[in-house]
Amino acid sequence: MTRKTEQIWRGLGAAAIVALASGPAPLSAQTGSPANAGRADNLAEVVISARKRQENVQDVPISMSVLGSDEIAARGALRIRELAASVPNVNFIGAQNASLPTFSIRGIVSQSRVSPGFESSAGVYVDGVVIGRLTGFSQELYDVERVEFLRGPQGTLFGRNSIAGAINVVTRTPQATPLLDTSLEIGDFQTRDLRIYGTSALGSDRVLGSLALTWRENDGFQENVTTGRPSDTEDLRAARAKLLVRASDSIDITFAADTLRDRGYGQNAKGLSGYAATTDRQKVSRDIESKAWRDIRGGSITVDAEAGGLGDVTFIGAYRKMENLRTSDTDGGPTPVAGTTQDVASDQWSGELRLASAPGALQYVVGAFWFDQKATNITDACALSALPAALRGCGTTSSKVSTRSTALFANLDYALSEQLKLSAGVRWTDERKDLRASQTAVAVNPIAIAPEADRIDSSDVSPTVGASFKLGDNTMLYATAARGFRSGGWNTEIVTANPRTFAGREFADESVWNYELGIKNQAWDDRLTLNAALFEMKYSDMQVAQLEPFVFNGVPVPGALVSTITNAGKSRVRGGELEFRLRATESLLLSGGVGYADAEYTSYTDRTAAGATLNFKGNKLDSAPKTTYNLSAAYELPISASLKFSARLDWNSRADYYRLGGRNNNPAVDLVQGYELLNGRIGVVATDGRWEVFLFGDNLADNDYTLSRLGTGLPPFTPTGQAATLGRPRYVGLRAALRFE
């Protein structure tokens, strides 16, 4: 970030403090006051369901960002990862391909591992259904009403493995009035994208249906000069259907089903130096393409019932199946030395039953949750034709982890007065994991492991306490303390070194306490929303990646390393978020945010293979940029009674971060330079909203930027080198939309 940009944001921060410290706005500026009713230049109320009930986001004592369907469309976002640039302290890292996303929230990374023995640090939920594996995290946004990004541990209401935060996706509800939305995008890299959404009553106002379809293809921005084919390609089809049955005036039943088929190829890391290096940013050199195929399908039933004076009862039952077929070039270069194929699958059943009380001085949510998942991974690691015949062949590592989790939870708010409200919540979780794993030997890795079994039992109590205070109708102060938990597991990837057992490669649960102070404010006749939060998160037994030597016939191979998960000692993340949204005029909307997260180890020692002590205290956490910034300006101007001109600019920035991959000593070679991106669009819109046409561009300055770094080569069979996963160059396209109702 430039010095000038930093000065701008410091000025914004100072302005925020002044505005917030000024206290409540006068009566004429308060939300819902008669002076504001129906004004076109007001900001619309944002209603969310992050706490399992419908609430105004300004009344919820959580640091969170909410993007509605109009905002998602205006930003041209097609998946969750493409919204991260507009959310403070949320960072998506790694290749553009969606099959195995990597992202961090407040400096805590959710590592891109297919191992069934490893869980994500953040939870993704779609219409209340937890997505159990990373393969399903990068949701398509073709029929979404809003996406809620919740920062910090959300264990009380969201539960398992939302220790860094939660992403809550809410899809559109079927409606009785017939509606058909369509959009078409064409752009660089032979991109074609078609999206269709339709909804209507089905013979009766008590039976409503909707259907959403999406199709997307592109040829990627890279060419593999070794194979002659493109990489980072997309070939995706997806659909979601919903049926809403109003069984009575007090009972709604929603049936939902979705499916996704993805035959894209992942992005290949570009060689920067040494082995596999190329000079053109859009050229890579690998003998094996990175297949990243996905098949996802699932269904759910949601029952919402009014229970008289008790409140509302909700039941959500769901099934999901996810499959992911991946291929990778183990040596990372053009020589056929080694390659890996991973066949990953999971089946999950989940259910939640809860009661949300009626509005009153005492409000509560109580419920029960259960989760049953079977996740498998079959990895074939092969020594290929460039090696001597005696070393060639494939070894297979197979693993299956069965997870059974049950939980009871409660959260209550009690209003001591019109201004002061106290909150408390707790979640009890009992989880059992069973492992079945084995490995066959091959010449280059002669470690065979007979089928073995292991079991982990975890039990956790995660409380939340807090208080909020209203300064009039427009300003709320809040303070919270919350505990989060992530269960332990196993390293079920290929075993090449001691201990020669999967059970011996177990890692433990991790936990965190988050302390947060925040303020939410609306001012200037509801034209300005300004929210801020300060936090400190203290982790214990943090699950981190470490590198260990690759061993060949009992001898470590110089320069060859593999990554495993272990538990560090302690770490802490300290920082804050600031967001604003300003309706400057009836035609101009400004918005932006800044995130700061200082994430480091406070107690972490390890030993080398030779027994020397390593001290990582004070080192930075993996994939944790210290600052994130975003700024947007959207402008509309009437051209005629039926036509409007529309333009938008979106700028975002990420500070430097270490993409460690297991090297926790912060070596310079792992430092990813910060970057800035500018996106924009310009077009015309029908005043009645029936059609629009936009010319748009992403990365308009065509900046070269890096998302992650890694090593290449497999000594002693190849030289070594450095490679990087690069961000997409400038992308320009045309997007048109039609609405029929």
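The ranking of W349, W524 from fewest to most other beta carbons within 10 Å of each one's beta carbon is W349, W524. Relative to its residue count, the stretch 630-741 spans a Cα convex hull of 155 Å³ per residue.
Inter-label distance, S640 to A257: 4.6 nm, where each label sits 7 Å from its Cα along the C-beta direction. Percent of Cα-Cα pairs more than 14 Å apart in the stretch 54-127, please. Taking all Cα-Cα pairs of the stretch 54-127, the fraction more than 14 Å apart is 68 percent. Note: relative contact order over the chain, using C-alpha pairs below 8 Å and six or more positions apart, is 12 percent.
What relative contact order, as a whole-number percentage, does the stretch 251-345 give when Cα pairs under 8 Å and 6 or more residues apart are counted? Let's see the in-between values first.
Values: 206 pairs, mean separation 27.3, N = 95.
Relative contact order, the stretch 251-345: 29 percent.
Order 390-397, 243-250 from most to least packed using the mean count of other Cβ atoms within 10 Å. List each step's numbers first, then the result.
Working: 390-397: 16.6, 243-250: 14.6.
Taking the mean over residues of other Cβ atoms within 10 Å, the ranking is 390-397, 243-250.
Are any of the pairs K433/K626; K242/K520; K270/K538; K538/K626; K520/K644; K270/K291 more than 25 Å apart by Cα-Cα distance, and if so, which?
Values: K433/K626 35 Å; K242/K520 35 Å; K270/K538 36 Å; K538/K626 17 Å; K520/K644 33 Å; K270/K291 16 Å.
Beyond 25 Å: K433/K626; K242/K520; K270/K538; K520/K644.
The angle separating the long axis of helix 3-21 from the principal Cα axis of greatest extent in the chain is about 40 degrees.
Calculated mean residue ellipticity at 222 nm for the chain: -1000 deg cm²/dmol, from DSSP H runs with n ≥ 4 weighted as -39500 (n - 2.57), summed, divided by the residue count and rounded to 500.
By the equivalent-ellipsoid construction on the alpha carbon gyration tensor, the stretch 273-361 comes out with semi-axes of 52, 16, 9 Å, ordered largest to smallest. For the stretch 471-476, 3J(HN,Hα) computed residue by residue from phi via the Karplus equation (6.51, -1.76, 1.60; θ = phi - 60°) reads 9, x, 8, 10, 10, 10 Hz, glycine and proline entered as x. Maximal additional length on extending the A701-D434 stretch stands at 91.1 nm, based on 0.36 nm per residue less the C-alpha distance.
Multiplying the sequence separation of L614 and L588 by 0.36 nm and subtracting their Cα-Cα distance, what value in nm do you get?
Numbers: separation 26, 0.36 × 26 = 9.36 nm, distance 5.44 nm.
Stretched out fully, the L614 to L588 stretch lengthens by 3.9 nm.
Three semi-axes describe the equivalent ellipsoid of the chain; taken as square roots of 5 times the Cα gyration tensor eigenvalues and ordered largest first, they are 42, 30, 27 Å. The simple spin-label model puts a point 7 Å past each Cα toward its Cβ; for A307 and A44 those points are separated by 3.2 nm. Distance between the 7 Å Cα→Cβ label points at D70 and L184: 2.6 nm.
Every read-out reported here was derived from the displayed coordinates using simple, explicitly stated rules and does not represent laboratory data. Keep in mind that what you see is a predicted model, and the values were worked out from it rather than measured. Heads up, the Cβs are rebuilt from the backbone with ideal geometry, glycines too, and the neighbour counts pull from every protein chain shown.
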